[in-house]
Amino acid sequence: MSRLVVRFLWLGLTLSTIGCDQVTKQIAAVELADGARRSLLHDAVRLQYTENPGAFLGLGDNLPPTIRTTVLISATTVLLLGVLFALRQPRLTVTYRVGLYLVLAAGLSNLLDRFIRGRVIDFLNLGIGTLRTGIFNMADLALFVGVALAVLAHRTSEPVEPAGLPL
């Protein structure tokens with residue numbers, strides 16, 4: 001497969017992940033913003049609109065808005081630059097790359113929300129009875145899957161010696 005085709009496939013994965021997240025957030029904003037809550041699969045899945053000004057599970061949402069936004073945008077940008085640096089490594093497995101591209105797309109999509117709204121739209125909640133997750137979105141799900149794939153690929157791959165240097 002040509003290098004150009006591979007790059008378009010990675011770009012497609014990234015853009016489709018961002019697109020899925022943004023579209024589902026817009027649907028949630030239209031369908032659930034009035035406070036309506038929907039229950040699916042015997043309440044295993046709840047659809048419930050919320051706007052999260054903080055990070056994961058509201059971390060930092062009590063900071064002053066200017067500081068919170070600056071910190072979250074800066075931290076996300078630094079992490080995404082780290083992911084881009086990691087993607088430049090030549091000996092990554094396909095599984096590792098898929099994981100990193102999912103992390104990249106998730107970070108970019110939530111970063112886009114922060115620039116546009118100053119907060120992130122969340123709308124998914126999973127659980128059984130009182131045992132439930134926090135409310136999250138599709139980018140968060142992509143982030144979770146991406147990290148899991150990268151960790152799995154890292155743990156199961158054979159170490160590769162850089163040219164001429166022992167590990």
Estimated distance in nm for a label pair at VAL78 and PHE56, the labels positioned 7 Å out from Cα along Cα-to-Cβ: 1.6
Using θ = phi - 60° and Karplus 6.51 cos²θ - 1.76 cosθ + 1.60, couplings along segment 30-44 (whole Hz; Gly, Pro as x): 6, 8, 10, 5, 7, x, 5, 10, 10, 10, 10, 6, 6, 6, 6
Summed side-chain charge close to LEU143 - residues other than LEU143 whose Cβ falls under 15 Å, Lys, Arg +1, Asp, Glu -1: -2
Length-normalised contact order for segment 14-72 - Cα pairs under 8 Å, 6+ apart - percent: 20
Inter-part distance where segment 100-143 and segment 19-39 are each reduced to a Cα centre, Å: 12
Gyration tensor over alpha-carbon atoms, the chain, equivalent ellipsoid semi-axes in Å: 32, 19, 16
Tail beyond 16 Å, pair distance distribution of segment 41-91 (Cα, percent): 60
Degrees, to the nearest 10: 94-117 long Cα axis against longest axis of the chain: 40
Fully extended contour minus Cα-Cα distance, from LEU11 to THR70, at 0.36 nm per residue: 18.5 nm
Exposed-site-free run, longest, the chain (rule: trypsin sites (Lys or Arg not before Pro); DSSP loop; at most 14 other C-beta within 10 Å): 1-87
Whole-number percent relative contact order across segment 6-156, with pairs defined as alpha carbons under 8 Å at least 6 apart: 32
Global form of segment 1-76, assessed from the alpha-carbon gyration tensor, a/c cut-off 1.5: oblate
MRE, 222 nm, helices only [DSSP H, n ≥ 4, -39500 (n - 2.57), over the chain, to nearest 500]: -20500 deg cm²/dmol
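Any read-out appearing in this document is the output of simple, stated calculations on the displayed coordinates, not a laboratory observation. Here the structure is a predicted model, which means the values were calculated and not measured. Note that each Cβ is placed from the backbone with ideal geometry, even for glycine, and that neighbours are counted across all protein chains shown.
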